[in-house]
There are 4 protein chains.
Amino acid sequence: MTHLTIGIIGAGRIGKIHADNLLRLPAVRVAAVSDIDAGPELRSWAAARGIGRVCGSGDDVVSDPAIDAVFICSPTDTHAPLIKLAAASGKHIFCEKPVSMNIARTSEAVEAARQAGVRLQVGFNRRFDRNFMRVRDHVRGGTVGEPHIVKITSRDPGPPPERYVKSSGGMFMDMLIHDFDMARFVTGCEVEEVFAQGGVLIDPMFAAHGDVDTAIVTLRFAGGALGVIDASRRAAYGYDQRLEVFGSKGSVTVGNDYPNTAEVSTAAGVSRDKPLHFFLERYMAAYAEEARQFVDGLLRGDPLPVDGDDALRAEAIALAAARSVRLGRPVKVAEAVAAETAGQQGGRQP
Amino acid sequence: MTHLTIGIIGAGRIGKIHADNLLRLPAVRVAAVSDIDAGPELRSWAAARGIGRVCGSGDDVVSDPAIDAVFICSPTDTHAPLIKLAAASGKHIFCEKPVSMNIARTSEAVEAARQAGVRLQVGFNRRFDRNFMRVRDHVRGGTVGEPHIVKITSRDPGPPPERYVKSSGGMFMDMLIHDFDMARFVTGCEVEEVFAQGGVLIDPMFAAHGDVDTAIVTLRFAGGALGVIDASRRAAYGYDQRLEVFGSKGSVTVGNDYPNTAEVSTAAGVSRDKPLHFFLERYMAAYAEEARQFVDGLLRGDPLPVDGDDALRAEAIALAAARSVRLGRPVKVAEAVAAETAGQQGGRQP
Amino acid sequence: MTHLTIGIIGAGRIGKIHADNLLRLPAVRVAAVSDIDAGPELRSWAAARGIGRVCGSGDDVVSDPAIDAVFICSPTDTHAPLIKLAAASGKHIFCEKPVSMNIARTSEAVEAARQAGVRLQVGFNRRFDRNFMRVRDHVRGGTVGEPHIVKITSRDPGPPPERYVKSSGGMFMDMLIHDFDMARFVTGCEVEEVFAQGGVLIDPMFAAHGDVDTAIVTLRFAGGALGVIDASRRAAYGYDQRLEVFGSKGSVTVGNDYPNTAEVSTAAGVSRDKPLHFFLERYMAAYAEEARQFVDGLLRGDPLPVDGDDALRAEAIALAAARSVRLGRPVKVAEAVAAETAGQQGGRQP
Amino acid sequence: MTHLTIGIIGAGRIGKIHADNLLRLPAVRVAAVSDIDAGPELRSWAAARGIGRVCGSGDDVVSDPAIDAVFICSPTDTHAPLIKLAAASGKHIFCEKPVSMNIARTSEAVEAARQAGVRLQVGFNRRFDRNFMRVRDHVRGGTVGEPHIVKITSRDPGPPPERYVKSSGGMFMDMLIHDFDMARFVTGCEVEEVFAQGGVLIDPMFAAHGDVDTAIVTLRFAGGALGVIDASRRAAYGYDQRLEVFGSKGSVTVGNDYPNTAEVSTAAGVSRDKPLHFFLERYMAAYAEEARQFVDGLLRGDPLPVDGDDALRAEAIALAAARSVRLGRPVKVAEAVAAETAGQQGGRQP
């Protein structure tokens, strides 16, 4: 394969970002875009980019014989069915995270892709950030020795709207799933046990939906390393995404990115601008790199950088964290998966 | 009172540091020093400083009628008895931490001082560090709003010798007790529940003594704030003591102190020297400030900055952390105290 | 005007960067590109971007009636003639710096554009860097008060090849011209007098061509503020571009940009990666912003952000610096301009 | 010699700092202090420190046979006569900078000490700062290769009072003399030529006394390296003392020292406290190290770290800078010295 024809399913903010990043790659043609709201605005957006086909349904994109691969950027509950459909149609798949909020459904979708022999990449965009990539390189290269402690700070600039909270799957699934993936990514180790403490300190609305807005999650990795994620849905100063891996030979830390390096010193003190405000500012280059690696992997036949197993494992950790908060005790990841599976097969959940 | 005559009990490294800091205060006279090894070396050390009396036992210092206050810097198991003796003799007391490794004994000693009407300050030296003081000021002044998350990094440059580990009371009592106090100090909130995960990743010797060398401790404060301490007995790059308080209006962080600000840029990269190596380098000024505030508090009749209750509370958190590791579940501080008290009264410990 | 058709003259590295940046702007069509070496490689490059016309001469681009504006990215000695030709053809002009190495020629070209009523923007790309823009905003906004001292560090990662040095116009014209423009840009003040000290510390080749490789240039601004630029043709650690404006109310500094924020602490010290290597890495976003503002200014009829007068003034400062090194004394900018004009009209140059 | 008996001449702020630093050295006895205002306050200060003798004149200290060495901390015009007197009495000498404001007088004093065989150290305290020492170590150790450019920032938090300005010898002698010494210290090279630009941007009072308040001084070293010092008598944010040495292999920079490392992030931005306010805060440890090295050098018979030649050379550079401002051109240091000598022998100064 030397060129790739791609269809975009779901033309929200993130679908459009992926489209624009793909359009800059010489080996790619974006041939179709679908959205439930495929009106004049979307048509004009597509026309300006030479995207020939605008559909009202992802199924039309999937069934288009000209298309080699799809980007699934529609709402979460459509991800698993679309993966299965695309797999059946022999299309390669990029799917936004999470695949679903249910391990069994995610598992089925991942399995469908595997059996169909199509490639699947999941949208853990932070793996493509220059800072986190550099951490992983240092860990892999042995700079910090054997990892002992992983620390992740994950704070959003502001809470999501209530309608999102209602169906998001909760803070561990909608927000920390990125951090669970990051913990695996930078260490190359699997998480075995989780203890999560949550609180509602920002807005009682979260409690009303059985969710939390502030959390500390500790992780125990196979091999004995420990991890901790501190998370908040509202940092007054903006997006806060920092990470440290501490090991037998030292540590590597990455801080936030800033809009500029200007530092002002006056009689009032020394100051600089706040960090980049949110994920679109912070991870814009990471999204471009993510799309590029998907395309390169397909064209070269190399393994894709984030696969279905990665999706499953991050979702399982999120499950375990949610269960830990409910039960008030540490929960093994395997226990959480088993409990959910049992629960769906008629068993009781605690 | 306009002047203070002080005796030093225990002339190890820390006792000598306190003596030298006290000698620089115009209102203080250091009149006596005791040590189990009161030989020619100590005599010559004392003579060079104009310290007139050198004794082989702390009891002699305590019973010296010329002395207003004592600094107890002898081994931990002597702290509680010496406090009681000093209280009975009407001496004010500065005692190194911990008071004891047993809540009941600490409690008795603290109570003895209270009933005798003598003042007691406990040696949580980090409270007097310019960085941590600035954090507390910001929190008290409302800069960060209501605290939501407290994060403490506490890593030593290297593990203590095995003979120390045998009787130290374990990592939570010998090392993290400072951090438990710090968590209370910077937030002004009490810790209600602890979950601690420990591992032996550095040296199996720790396991042989029922201790750990790597730990992550999460805290739940009255009022709902969360805290986390990550700790290691060996950071390859030296002493690592950082802290963050994150709240409703923002965050305040403090980093390490460095021997200089030199930054070198060459073809190999950008580099600077490691942080100050250990507590003597890092907290030298804090020790001086600690002694100064003890003396000032006594002379002015103001409350002392760290009292017996502070000692008790930090020890109780350390107990709860050790219990949490043993039981593999979160432990309320009150539960840990009750269990220890019951255990000593004939009950079983889990 | 709602759309702009642009032709690129000179398809070297910088011409291609401008083309790619322009292609991302929806209101722009890149219709033609010319290069003295207009072979198959350039044709294929153009075809992949939908650039319909590939010419061997800039004149063909200028004379193309479909074209609204040209980007002059060919060698320096062609700039002034092409500006005059474009002006005569009624095309708007973006021209790389310097316009020429001769004040009179630059002046004629600028005047030609003015009289023809076409707009001219000169390629001082650093003005569009997020860091330097933030400095200027702070200075304009009064954050630092009245400027007293401007400090610029300007160091390249390595010296240019000898063939470039032969005809570059010297270090002040080929390299520091950016810094002379920057000094004006961030202060909003004009430079009246220059004292330059140069040395050959890196490679004697520079001396052989009457050039220097290391320099410190001090500036005196109208109004009395002082400035200093320190410059080197070889910084072992890469591109070094820092700036400070110090004034009556404080200072604002900007540092280098780095490929990532990773900081590594080991037994050997604390380190991070070198700054971004050279102008392509450091100013990639600035080039995009520069092209965007040129297009926006034309479409909206707003003044362009860097005009012919800016080119003239920076070149005049470069002349004064070169003259100062020759004469070993401070030189007024007006004196340097007068001397050059006189020299070309038959007078002697010192 | 195993012990040293020292007398302090001049009990102003700096004299008292030296006394307190000396009192902490076990090998030192401070036996006498003199001040023109030797009243009850000074007596009580001395008594509290066990300093037995309080005199109204430095001559009494110098002639005290018990005294081995004197610290000359009295006004500048008394330095040279006191050095000569102390030399004649066989006392070793620590003298605050500058020795005098006249090369011939300084030279005579330095020569007197040399011929008398007494040791002389001059008070360039910054050489003992941990940051600048680290820079020199890096330069000497070859980290940055051959020095090409030295950059010094030297800004005071506020201008001195008018009575001081009247007789201070001007900004180059009263303030930048430290920076001239620093330029020599960190490079190990001698300054051959100076070009200084000065301005009066802060307070016209300086112009009334023939002085400046803002300056940029460029230096040319033997061997060809270049240097630049930017200086201001008023930085709104406090004391600003930074330095960089850039060479063939890289650069080393040192920044300011701060009262703490606290960084606050809120909706308003990211901020920290201002740098340490002035020299007493910034260089307190350097003063202690300076006194310690003086004492150590005498006791061990090692060369003292700053000698009379260092004083002479820094004063000569200050002279050249002042002359450069007057003449508006670069001035060789040798020329400035010759002109002053000639001027004092009846010649005219320009």
Exercise. Among the listed residues D:334, D:339, which satisfies the condition of being surrounded by fewer than 16 Cβ atoms within 10 Å (Cβ to Cβ) and part of a helix (DSSP H, G or I)?
Worked result: D:334
Exercise. Residues in region C:100-107: is at least one within 11 Å of residue C:312 (Cβ to Cβ), touching a residue at least 40 places away in the same chain (Cβ under 8 Å) and over 16 Å from the mean Cα position of the chain (by Cα)?
Worked result: yes
Problem set entry | The one condition in (1) over 21 Å from residue B:37 (Cα atoms); (2) charged (D, E, K, R); (3) more than 15 Å from the chain's Cα centre (by Cα); (4) surrounded by fewer than 22 Cβ atoms within 10 Å (Cβ to Cβ) that residue B:97 fails to fulfil | (3)
Seminar exercise, completed: Expected single match for under 18 Å from the mean Cα position of the chain (by Cα) and outside the structural domain of residue A:164 (by TED's automatic domain parsing) among A:288, A:231 is A:288
For this session: Can you run down the residue pairs with Cβ atoms below 6 Å, 6 or more apart or on separate chains, where the first is in region C:267-280 and at positive phi and the partner is modelled with pLDDT of 95 or more?
Result: C:269/B:271; C:269/B:273; C:269/B:274
Exercise. Looking only at residues in region D:83-94 that are of a type outside the set (D, E, K, R) and surrounded by fewer than 23 Cβ atoms within 10 Å (Cβ to Cβ), which one is nearest to residue D:174 (Cα to Cα)?
Worked result: D:85
Exercise. Using beta carbons and a limit of 8 Å, which pairs, at least six apart or on different chains, have the first residue in region D:21-40 and in the same structural domain as residue D:66 (by TED's automatic domain parsing) and the second one part of a strand (DSSP E or B) and among the basic types (Lys, Arg)?
Worked result: D:31/D:53; D:32/D:53; D:33/D:53
For this session: For residues that are within 14 Å of chain D (Cβ to nearest Cβ) and of a type in the set (Lys, Arg), scanning just region C:147-179, find the one that is farthest from residue C:316 (Cα to Cα).
Result: C:155
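Looking at region B:117-130, which of its residues are open to solvent by 30 Å² or more (accessible area, probe 1.4 Å) and either under 14 Å from the mean Cα position of the chain (by Cα) or more than 9 Å from every other protein chain (Cβ to nearest Cβ) (or both)? Lay out the reasoning, then the answer.
So in region B:117-130, the residues open to solvent by 30 Å² or more (accessible area, probe 1.4 Å) come out as B:117, B:119, B:130.
Within region B:117-130, B:117, B:119 qualify.
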Exercise. Going by the conditions given, is residue D:315 more than 30 Å from residue C:236 (Cβ to Cβ) and open to solvent by less than 10 Å² (accessible area, probe 1.4 Å)?
Worked result: yes
Problem set entry | region B:40-54, residues that are buried (at least 19 other Cβ atoms within 10 Å of the Cβ) and assigned to a strand (DSSP E or B) | B:54
Seminar exercise, completed: Given (1) open to solvent by 30 Å² or more (accessible area, probe 1.4 Å); (2) at pLDDT below 95; (3) among the hydrophobic types (A, V, I, L, M, F, W, C), residue D:133 misses just (2)
Exercise. Quick check: is even one residue across region D:313-329 away from chain B (no Cβ under 14 Å) and outside any helix (DSSP H, G or I)?
Worked result: yes
For this session: Determine the pairs where a residue that is assigned by TED's automatic domain parsing to the domain that holds residue B:247 and open to solvent by 30 Å² or more (accessible area, probe 1.4 Å), located within region B:137-155, has a partner that is part of a strand (DSSP E or B) and modelled with pLDDT of 95 or more with Cβ atoms under 6 Å apart, the partner being 6 or more residues away or on another chain.
Result: B:143/D:264; B:146/B:247
Exercise. Inside region B:12-39, can you point out the residues that are open to solvent by 40 Å² or more (accessible area, probe 1.4 Å) and aliphatic (A, V, I, L, M)?
Worked result: B:23, B:36
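Does residue A:265 satisfy being farther than 22 Å from residue D:272 by Cα, within 14 Å of chain C (Cβ to nearest Cβ) and touching a strand residue (DSSP E or B) at 6+ places or on another chain (Cβ under 9 Å)?
Judged against the criteria, residue A:265 is not a match.
Tell me, yes or no, whether region C:248-257 has at least one residue that is at pLDDT 95 or above and more than 10 Å from chain A (Cβ to nearest Cβ).
Yes, the conditions are met somewhere in region C:248-257.
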Seminar exercise, completed: Apart from one, (1) among the hydroxyl-bearing types (Ser, Thr, Tyr); (2) closer than 20 Å to residue B:337 by Cα; (3) over 15 Å from the mean Cα position of the chain (by Cα) all hold for residue B:187; the odd one out is (2)
Exercise. Within region D:60-72, which residues are in contact with a strand residue (DSSP E or B) (Cβ under 8 Å, 6 or more places away or on another chain) and either surrounded by fewer than 19 Cβ atoms within 10 Å (Cβ to Cβ) or in a loop (DSSP other than H, G, I, E, B) (or both)?
Worked result: D:60, D:64, D:66, D:67, D:68
Seminar exercise, completed: Every listed condition ((1) in contact (Cβ under 8 Å) with a residue 40 or more places away in the chain; (2) under 30 Å from residue D:286 (Cβ atoms); (3) not assigned by TED's automatic domain parsing to the domain that holds residue B:158) holds for residue B:299 save (2)
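Each row is one residue, and each column tells you yes or no for (1) farther than 22 Å from residue A:152 by Cβ; (2) open to solvent by less than 10 Å² (accessible area, probe 1.4 Å); (3) more than 8 Å from every other protein chain (Cβ to nearest Cβ); (4) among the aromatic types (Phe, Trp, Tyr).
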| position | (1), (2), (3), (4) |
| --- | --- |
| B:196 | no, yes, yes, no |
| B:201 | no, no, no, no |
| B:204 | yes, no, yes, no |
| B:208 | yes, no, yes, no |
| B:214 | no, yes, no, no |
| B:220 | no, no, no, no |
| B:232 | no, yes, no, no |
| B:235 | no, yes, no, no |
| B:239 | yes, yes, yes, yes |
Exercise. Does residue C:258 satisfy being touching a Leu at 6+ places or on another chain (Cβ under 8 Å), assigned by TED's automatic domain parsing to the domain that holds residue C:203, closer than 30 Å to residue D:249 by Cβ and open to solvent by 10 Å² or more (accessible area, probe 1.4 Å)?
Worked result: yes
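The values are calculated or read from the model by the stated rules, or taken from the named source; none is laboratory data. From a predicted model like this one, the values you see are computed outputs, not experimental measurements. Cβ coordinates were reconstructed from backbone atoms using ideal geometry, including for glycine residues, and neighbour counts include every protein chain displayed. Only protein heavy atoms, including side chains, enter the accessible area calculation; ligands, DNA and RNA are left aside. Shrake-Rupley method; radii C 1.70, N 1.55, O 1.52, S 1.80 Å.
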